[in-house]
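Please read the structure below before turning to the comments.
The values are calculated or read from the model by the stated rules, or taken from the named source; none is laboratory data. Source: prediction; values computed, not measured. Here the Cβ is made from the backbone with ideal geometry for all residues, glycine too, and neighbour counts use every protein chain on show.
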Amino acid sequence: MISSLSALALTSVALIFAASANAQGLEQGGKLLLTRGISTVDGMGGGGIVPWALIAGNETNLGIGATAHATHVSLPDFELVSYGGAVGLHDRLEVSYTHQSFDTGSTGPKLGLTDGYSFAQDVFAAKLRVAGDAIYDQDKWVPQVAVGLAYKSADDGDLLSALGAESDNGIELYASATKLLLAQSLLVSATLRYTDANQNGLLGFGGTTDAGLYPEVSVGYLISKRLIVGGEYRVKPDQLAFAEENDWFDLFAAYAVNESITLSAAYADLGSIATFDDQRGLYLSVQVGF
């Protein structure tokens, strides 16, 4: 229920901002293709698994924009579905909401769960650009820098506690620096995240260790103004006594069909999840925005 209401609320906010922008004569659109980022599984503007300092939406500093995304990750023993939306204000502030569902399918009974049991969580996030401009600072070494936070609330706290998590909700803080080198057709981004999330929060928060800082990196090569290919690496906490958690890695490609639609695909390696090793599979995502 909360996911449906939150998605509806965010959509309503985007429409209100769009109407307000038209009424006030604010500009819509204006960004170069792909420079709003791809929607991460958490809903922030960025790559597939790592947020970038770029702000969601096609807006410049003279307007507003918004995106909506749907993502599916198919793994050997599990499936992850993510959907949500984000609003970008003056290419400065981004607010987003995402609902995630992690389906155990026929693996559920092997974990002592019912067949097809799904872990789920809601992610409410905000990001603020604090320095630099990825497009207009081409002659400067300073990257675009943004800081962000995400509040994550997972379902079934009693089960997560039994698995060893300390809480079913938590707050993540992060800082991202993104440099777009147009002459070299290269995008480089680094993120430092403060978190104690287990499997991104789907298995709760906290455990055998305290929250800590974890690095994440993205590198992309712009084959054309519409197509970017690259890879990401995300260092993860390992806090649950019953199961090892590994770092995440992907190789991705994103294609801007037009100013509104971006399609993404990736080979994702999520390592060991809930005692099941070698969770590697296909990541597919569609993003629509203005």
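Going through the range 206-222 one residue at a time, which ones are in a strand (DSSP E or B) and more than 18 Å from the chain's Cα centre (by Cα)?
Result: Gly212, Tyr221, Leu222.
List the pairs whose first member sits in the range 274-285 and is without any contact (Cβ under 8 Å) to a residue 24 or more places away in the chain, whose second member is loosely packed, with under 14 Cβ neighbours inside 10 Å, and whose Cβ atoms are under 9 Å apart, counting only residues at least 6 apart or on separate chains?
Asp277/Glu244
What about Asp168, is it out of contact with any Lys or Arg (no Cβ under 6 Å at 6 or more places or on another chain) and either buried (at least 21 other Cβ atoms within 10 Å of the Cβ) or over 23 Å from Val147 (Cα atoms) (or both)?
Details: out of contact with any Lys or Arg (no Cβ under 6 Å at 6 or more places or on another chain): yes; either buried (at least 21 other Cβ atoms within 10 Å of the Cβ) or over 23 Å from Val147 (Cα atoms) (or both): yes.
Yes; evaluated as a whole, the condition is true for this residue.
Quick one: in the range 263-280, of everything that is within 17 Å of the chain's Cα centre (by Cα) and small (Gly, Ala, Ser), which residue is surrounded by the most Cβ atoms within 10 Å (Cβ to Cβ)? Explain how you work it out, then say what you get.
Here is the first cut: in the range 263-280, the residues within 17 Å of the chain's Cα centre (by Cα) are 263-270.
Those left that are additionally small (Gly, Ala, Ser): 264-266, 268.
Details: Ser264: 20, Ala265: 15, Ala266: 26, Ala268: 23.
Going through the qualifying residues, I end up with Ala266.
Inspect the range 223-232 for any residue being in contact with an Asp or Glu (Cβ under 8 Å, 6 or more places away or on another chain), surrounded by fewer than 16 Cβ atoms within 10 Å (Cβ to Cβ) and either in a loop (DSSP other than H, G, I, E, B) or not small (Gly, Ala, Ser) (or both) and give the result as yes or no.
Within the range 223-232, not a single residue is in contact with an Asp or Glu (Cβ under 8 Å, 6 or more places away or on another chain), surrounded by fewer than 16 Cβ atoms within 10 Å (Cβ to Cβ) and either in a loop (DSSP other than H, G, I, E, B) or not small (Gly, Ala, Ser) (or both).
Conditions (1) closer than 19 Å to Glu216 by Cα; (2) touching a residue at least 12 places away in the same chain (Cβ under 8 Å); (3) not acidic (Asp, Glu), marked per residue:
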| residue | (1), (2), (3) |
| --- | --- |
| Ala126 | yes, yes, yes |
| Ala131 | no, yes, yes |
| Gln144 | yes, yes, yes |
| Gly148 | yes, yes, yes |
| Asp158 | no, no, no |
| Asp168 | no, yes, no |
| Leu192 | yes, yes, yes |
| Gln199 | yes, yes, yes |
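Under 8 Å between Cβ atoms, at least 6 apart or on separate chains: pull out the pairs that start in the range 216-229 with a residue that is touching a residue at least 60 places away in the same chain (Cβ under 8 Å) and end on any residue that is outside any strand (DSSP E or B) and crowded, with 23+ Cβ neighbours inside 10 Å.
Cβ pairs passing all conditions: Glu216/Ile49; Glu216/Val50; Val217/Val50; Ser218/Gly47; Ser218/Val50; Ser218/Trp52; Gly220/Gly47.
Quick check on my filter: what residues within the range 241-262 are crowded, with 21+ Cβ neighbours inside 10 Å, out of contact with any Phe, Trp or Tyr (no Cβ under 8 Å at 6 or more places or on another chain) and either among the acidic types (Asp, Glu) or within 20 Å of Tyr194 (Cα to Cα) (or both)?
Glu245
Out of the range 104-131, which residues are under 27 Å from the mean Cα position of the chain (by Cα), among the charged types (D, E, K, R) and surrounded by fewer than 16 Cβ atoms within 10 Å (Cβ to Cβ)?
Passing the criteria: none in range.
If you go through the range 132-149 one residue at a time, how many are in a strand (DSSP E or B), buried (at least 18 other Cβ atoms within 10 Å of the Cβ) and hydrophobic (A, V, I, L, M, F, W, C)? Please lay out each step first, then the result.
In the first step, residues of the range 132-149 are kept if they are in a strand (DSSP E or B); the result is 144-149.
Still in the running and buried (at least 18 other Cβ atoms within 10 Å of the Cβ): 144, 146, 148.
In the following step, the residues that additionally are hydrophobic (A, V, I, L, M, F, W, C) were identified as 146.
Within the range 132-149, residues that are in a strand (DSSP E or B), buried (at least 18 other Cβ atoms within 10 Å of the Cβ) and hydrophobic (A, V, I, L, M, F, W, C) number 1.
Just need a number here: residues in the range 190-210 that are modelled with pLDDT under 95 and surrounded by fewer than 18 Cβ atoms within 10 Å (Cβ to Cβ).
So the count comes out to 3.
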